[in-house]
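Step one of this worksheet: look at the structure below.
The values are calculated or read from the model by the stated rules, or taken from the named source; none is laboratory data. Since the model is a prediction, treat every value here as computed from it, not as a measurement. In this analysis, Cβ positions are derived from the backbone assuming ideal geometry, glycine residues included, and neighbour counts consider all displayed protein chains.
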Amino acid sequence: MSDTDRGILSTFDRRGRGVRAGMSFVHVLLFGGLVVAGLGPILWLGKAAVTSTQDTITQPIALWPHGIDWANLTQAWFEVHIDQYFLNTVVIAVGSWLFSLALATTAGYGLSVLRPRYAGILNGAVLATLFVPSVVLLVPLYLTIVHPPVGQSLLNNYLAVWLPAAANAFNILLVKRFFDNLPREVFEAARTDGAGPIRLFWSIVLPMSRPILGVVSVFAIIASLKDYLWPMLVLPDPAVQPLGVRLPAIQSQVELDVFLAALAISTIIPIVLFLAFQRVFLRSAGLGGAVKG
Amino acid sequence: MKRTPLTWYRGGGLSNLLFLTPMIIVFAVFSWSPIVRSFVMSFQKTNLITTSWVGLDNFENVLTDPLLGTAVVNTLYFAVLALIFGFPVPLLLAVLMSEVKRGKGVYSALAYLPVVIPPVVAVLLWKFFYDASPTGVFNTMLGWVGIAPQPWLQSSASAMPSLVIEATWAAAGGSIIIYLAALLSVPPELYDAAEVDGASVWRKVWHVTLPQLRGVVFIMLILQVIATAQVFLEPFLFTGGGPNNATVTVLMLIYRYAFQNSLGGNYGEATALSVMLAIVLAVLSFAYFRVTERWSST
Amino acid sequence: MTSRKRAIVAGFTALGVIASLAACSTGGSASGKTELRVATFPPGADAAAYDAFATQEAQFEKLNPNIDVIGVEYEWTGPTFAVQLAGGSLPDVFTVPFTDAKTLLENGQLMDVTKEVTDLGYADKFNPIILDAVTDGDGNIFGFPRQAYAMGLQYNRELFEQAGLDPDSPPTTWDEVREAAKAISEKTGKAGYAQMTMNNTGGWQLTAGTVAHGGRTQVDNGDGTYTSTINNPGTVADLEFLQALRWEDNSMGSNFLLDWGSINQEFAAGNIGMYTSGSDLYTALVRDFSLAPEVYGLTVIPTEGEDAGTLGGGDIAVVSPAVDDTVKAASVKWIDWYYMQKLLNKDAAIADAKALTEQDQAIGTPVLPVLDRATYDESLTWIEPYVNVPRDQMSGFFDGIFDQTPVGEPKGKTQEVYALLDSVVQAVLTDENADIPALLTQADKDAQALLDGE
């Protein structure tokens, strides 16, 4: 008798003509609204990337009144050296991803599976950092980078971006929670078969954790691509800066059409990743809320 | 059993350390000690070479900064506007999306796309859209419906709302997805029960959907306030704090104290302000959770 | 599973390689040469500038085979100099604007080069007012003033023509500027006049406008303290001028959040008729902002009022205090060769000019002499054949500049006061009902608090 697959509207509701019309309207509204508002600006950027400056300024909404200007893209790539900044962005993102993953999995494993006596304290200390707003870290972390406890300044060194990115309590807690929910019998079985902790980690736990690894990867990579203030502060040398940091700095020296092409190029990685791994993205977005709840 | 180094080793102590040491070191250097250091530095004055204790001087200087009042008001303004624009719209869209039979995936992807775009790109793009001349993108579109060109970022009255609109666009997708997940986990039996009582669509929403969402909504609310209290990127890249300090936020002030002066920043005052902000947010969160605890069902 | 393992191992190895490469600093000099890191150009300068630099670098290295010069992109801007210094990323030789040099001097953050300057023999040739900016109380010299400029009125000759104005007769009074701005905005739809307003440039230009209207924004009490005099008739006149153009004539366009880079970009793109900025701007406009040379015009900033003058500024070549004696000696050699010799020595001037012309870099941009007037005039004759900037388009400036009184930038908390004044200018340009006296009174209060504090 009860509809398992229902929301506010029951199957019965949906049969009504008023509701059907209403739902079609909703579809139109959603589709139109989301396409225009969500996709619109991005599509515009794609169009503008191959439009000449004059056209963009005088007729911003028109579609290529004087033809497509592919030169913008090559100019951006070669003359403005977007290729170099693009590469920097990729290197930084990959580094952040690997460091974050490595740290989150080893820490989660230690806290969840191995659980030495001091795990409780560590867990609490990590949890506590979640409640500290990131603003508090800004200045002292910067000074730590300039004067690290060992060695010289880490300015212009990618470690200055990778290591703080890895110190992410949220990722660790996500992974730990996931590991907590793994069936302990599998571990017991592996242990009785003689697997040591490292073997257990590598060959049993990690392969079982693909979903959470995907989620943490998405978080890490997106966080890296979104970062602005921190890389701007610790990577003052333009040669090592990622796109996000470089683009605002060169805006006044680059022609508008080339600049828009550069902006468009810098959206390629995130959009491609998103389209390719949509489900992982959306799951991690939803998970963000569920875990916080 | 006596705990000796040998028993520790045999108990797997070494591999425990192996797995936990990276975390301990990284957190110690890049998380825990900076947090502690922040509190310490707020009582000091440093130029990177010599450091001295100055007691409450930094706090005093910050509190007497004429720009602080402006920054606080602006930050609150941003937070309130962000709540007004950024709260109901994603919720409504999520409710609508949860009800469509087909296309949830496409709609979710469309909604989430702006979230994926790096904020710097979004801001620079919207900065162009906000061109105040009559041929600016938005002004052109307003012209189609007969509205006069707006100053957008060029007037203190409209600068902050312009920032909030872009910020909402960029963040709405994330909220939509979270609400959608929550909506889809509402037990259908509740709706069945409501219908038995003769509830219309609106009453179902009011009496079933919204109460079920209460937990998620409360969390999202406080998270959004905490995030908007630390807004930096939008004012920095859109207007640099102008026009006439209309978009200077607390984080921008902290940035100015620490990093704006090419001759050396005032790190003590910057950390003092950060600490004060953190305390305010902590108190706010604490009070919030106490209040909502009384309202929540669980 | 195995391939996944391999992928992860590969990933970690790659990471290790990247990390070690990244951690490995570009320090170690090879083959026993002294490595000298020198500032070159701001980020965004075009390739030709670097090519010209490479030529000069080669020339210098030929004369000094023990020195290996490494050019470093450089821009005097926040984030902080102190951190770059602490972090070791400051070039060994770099430039500092006059306004900041005094503070660095007082903080002991510049290398004493008195001996080197005296040894080079031209310590007495410097314009004493300019040398004062780099001398401490005991007469020790800490840098080489390398370039000075005065404020000028930049204008777009093409827009002038389109508006029916004569590009060879630019405005000479503020009223004429207003009329020209009105004509340009009416006939071409572009902003007739524009003003910088952000990132301390608003305060900078407001100070320039104040001085040009006969006022001063700060008084040096001579005993180490300063009094803020922002609320003075000159500043009021300048702000009222801006207010009139913005709200009565509507000749300033619709974009008012402009800093040095964005106003130059707008000008180079043909969207601005006139604005005030440094007289040496031409070089940057052409090199970094792709300005078409034939469009450029420069004249003196109109001066009105008893005490009126033109705001001057400049920068100094200094040596990082963190270097050892060998590098210090090499630094001074470089500064002397690259910055100074072309002002003193005919052959050096010609060699420099040749290297620059090959790459179409600007020669002959209007500057104020850092050395005495006679030397300056003489150096101009040496490079006469190489001058490639359209000096006849700048006749207004050349004809008028030496009749104007140069005024130095205020010395007390210069950048902080400029930052304060940014919002005053922004207020006047974005709020129709801006109350100028009230804004200035408040600014004085805030500025005095800054000047009195720490």
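Would you confirm whether any residue within region C:183-192 is over 25 Å from the mean Cα position of the chain (by Cα), among the β-branched types (Val, Ile, Thr) and within 14 Å of chain B (Cβ to nearest Cβ)? There is at least one residue in region C:183-192 that is over 25 Å from the mean Cα position of the chain (by Cα), among the β-branched types (Val, Ile, Thr) and within 14 Å of chain B (Cβ to nearest Cβ).
Okay, residues lined up against (1) within 18 Å of B:Leu233 (Cα to Cα); (2) at pLDDT 90 or above; (3) out of contact with any helix residue (DSSP H, G or I) (no Cβ under 6 Å at 6 or more places or on another chain); (4) not acidic (Asp, Glu):
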| residue | (1), (2), (3), (4) |
| --- | --- |
| B:Phe128 | yes, yes, yes, yes |
| B:Asp131 | no, yes, yes, no |
| B:Pro134 | no, no, yes, yes |
| B:Asn139 | no, yes, yes, yes |
| B:Thr168 | yes, yes, no, yes |
| B:Gly173 | no, no, no, yes |
| B:Pro187 | no, no, yes, yes |
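Does B:Phe27 satisfy the condition of being facing chain A (nearest Cβ under 7 Å) and assigned to a helix (DSSP H, G or I)? Yes, satisfied. If B:Gly240 satisfies every condition in (1) surrounded by 21 or more Cβ atoms within 10 Å (Cβ to Cβ); (2) farther than 30 Å from B:Leu180 by Cβ; (3) not aliphatic (A, V, I, L, M) but one, which is the exception? Every condition holds for B:Gly240 apart from (1). Of the residues making up region B:65-98, those that are among the aromatic types (Phe, Trp, Tyr), surrounded by fewer than 20 Cβ atoms within 10 Å (Cβ to Cβ) and over 30 Å from A:Ser10 (Cα atoms) are B:Tyr77, B:Phe85. On the stretch given as region C:365-406, residues that are of a type in the set (Gly, Ala, Ser) and over 21 Å from C:Lys125 (Cβ atoms) total 3.
Scan region C:216-232 for residues that are touching a helix residue (DSSP H, G or I) at 6+ places or on another chain (Cβ under 9 Å) and over 11 Å from C:Leu311 (Cα atoms) and the total you get is 10. Restricting attention to region A:20-64, the residues that are within 8 Å of chain B (Cβ to nearest Cβ), more than 18 Å from B:Leu91 (Cα to Cα) and assigned to a helix (DSSP H, G or I) total 7.
Somewhere in region C:328-341, is a residue among the small types (Gly, Ala, Ser), outside the structural domain of C:Leu281 (by TED's automatic domain parsing), under 19 Å from the mean Cα position of the chain (by Cα) and buried (at least 20 other Cβ atoms within 10 Å of the Cβ)? Before the answer, list the steps.
Keep residues of region C:328-341 that are among the small types (Gly, Ala, Ser), which gives C:329-331.
Of the ones still in play, those that are also outside the structural domain of C:Leu281 (by TED's automatic domain parsing) are C:329-331.
Applying the additional criterion that residues be under 19 Å from the mean Cα position of the chain (by Cα) yields none.
Taking every residue of region C:328-341 in turn, none turns out to be among the small types (Gly, Ala, Ser), outside the structural domain of C:Leu281 (by TED's automatic domain parsing), under 19 Å from the mean Cα position of the chain (by Cα) and buried (at least 20 other Cβ atoms within 10 Å of the Cβ).
Going through (1) in a helix (DSSP H, G or I); (2) under 30 Å from B:Gly240 (Cβ atoms); (3) within 8 Å of another protein chain (Cβ to nearest Cβ) one by one, B:Pro161 falls short only on (3). Filtered by the rule that a residue be within 14 Å of chain A (Cβ to nearest Cβ), out of contact with any strand residue (DSSP E or B) (no Cβ under 6 Å at 6 or more places or on another chain) and of a type in the set (D, E, K, R), region C:232-267 gives a lone residue, C:Asp259.
Any idea which of A:Pro149, A:Pro164 is facing another protein chain (nearest Cβ under 8 Å), closer than 21 Å to B:Tyr267 by Cβ and either in a helix (DSSP H, G or I) or touching a residue at least 24 places away in the same chain (Cβ under 8 Å) (or both)? Write out each step before concluding.
Details: A:Pro149 fails: either in a helix (DSSP H, G or I) or touching a residue at least 24 places away in the same chain (Cβ under 8 Å) (or both).
So the residue among A:Pro149, A:Pro164 that is facing another protein chain (nearest Cβ under 8 Å), closer than 21 Å to B:Tyr267 by Cβ and either in a helix (DSSP H, G or I) or touching a residue at least 24 places away in the same chain (Cβ under 8 Å) (or both) is A:Pro164.
When restricted to residues that are hydroxyl-bearing (Ser, Thr, Tyr) and crowded, with 16+ Cβ neighbours inside 10 Å, region A:201-218 contains 2. Answer yes or no as to whether A:Leu206 is at the interface with chain C (Cβ under 10 Å from one of its Cβ atoms), touching a residue at least 40 places away in the same chain (Cβ under 8 Å), part of a helix (DSSP H, G or I) and among the aliphatic types (A, V, I, L, M). So A:Leu206 fits the description; yes. Of the residues making up region C:397-433, those that are within 16 Å of B:Ser156 (Cβ to Cβ) and either touching a residue at least 24 places away in the same chain (Cβ under 8 Å) or among the small types (Gly, Ala, Ser) (or both) are C:Asp422, C:Ser423, C:Val424, C:Val425, C:Gln426, C:Ala427, C:Val428, C:Leu429, C:Thr430, C:Glu432.
Of everything listed in (1) over 20 Å from B:Ile84 (Cβ atoms); (2) surrounded by fewer than 18 Cβ atoms within 10 Å (Cβ to Cβ), the single unmet condition for B:Val186 is (2). Of the residues making up region C:378-433, those that are of a type in the set (Ser, Thr, Tyr), under 30 Å from C:Glu306 (Cβ atoms) and crowded, with 18+ Cβ neighbours inside 10 Å are C:Thr414, C:Tyr418, C:Ser423. Confirm whether B:Ser33 is within 12 Å of chain A (Cβ to nearest Cβ) and touching a residue at least 60 places away in the same chain (Cβ under 8 Å). So B:Ser33 fails the test. Within the option set B:Phe259, B:Phe238, B:Phe232, being within 9 Å of chain C (Cβ to nearest Cβ), under 30 Å from C:Val428 (Cβ atoms) and modelled with pLDDT of 90 or more holds for one residue only, B:Phe238.
Out of all the residues in region A:103-125, which are more than 7 Å from chain B (Cβ to nearest Cβ) and assigned to a helix (DSSP H, G or I)? Talk me through it step by step, then tell me what you get.
First pass over region A:103-125, keeping only residues more than 7 Å from chain B (Cβ to nearest Cβ): A:104-105, A:108, A:111-113, A:115, A:117-121, A:123-124.
Passing the criteria: A:Ala104, A:Thr105, A:Gly108, A:Leu111, A:Ser112, A:Val113, A:Ala119, A:Gly120, A:Ile121, A:Asn123, A:Gly124.
For region C:238-270: of the residues being aliphatic (A, V, I, L, M) and closer than 24 Å to B:Ala246 by Cβ, which is surrounded by the most Cβ atoms within 10 Å (Cβ to Cβ)?
The qualifying residue surrounded by the most Cβ atoms within 10 Å (Cβ to Cβ) is C:Leu258.
So, A:Gln241, is that one modelled with pLDDT of 85 or more and away from chain B (no Cβ under 11 Å) or not? The answer is yes for A:Gln241. Take A:Asp83 and tell me if it is under 30 Å from B:Gly136 (Cα atoms) and either assigned by TED's automatic domain parsing to the domain that holds A:Ala167 or charged (D, E, K, R) (or both). Against the criterion (under 30 Å from B:Gly136 (Cα atoms) and either assigned by TED's automatic domain parsing to the domain that holds A:Ala167 or charged (D, E, K, R) (or both)), A:Asp83 qualifies. Scanning region A:167-185 for residues that are in a helix (DSSP H, G or I) and either more than 8 Å from every other protein chain (Cβ to nearest Cβ) or polar (S, T, N, Q) (or both) gives A:Phe170, A:Asn171, A:Leu173, A:Leu174, A:Val175, A:Lys176, A:Arg177, A:Phe178, A:Phe179, A:Asp180, A:Arg184, A:Glu185. For region A:65-95, residues that are closer than 14 Å to A:Glu255 by Cβ, in a helix (DSSP H, G or I) and among the acidic types (Asp, Glu) total 1. Taken together, C:Ala438, C:Ala419 contain a single residue that is part of a helix (DSSP H, G or I), away from chain B (no Cβ under 12 Å), out of contact with any strand residue (DSSP E or B) (no Cβ under 7 Å at 6 or more places or on another chain) and of a type in the set (Gly, Ala, Ser), which is C:Ala438.
I need the helices (runs of 4 or more DSSP H) fully contained in region C:256-344, keeping only those with at least 3 residues that are over 30 Å from B:Ser156 (Cα atoms) and not small (Gly, Ala, Ser).
Numbers: elements: C:260-268, C:281-288, C:325-335, C:341-344.
Ranges flagged: C:281-288, C:325-335, C:341-344.
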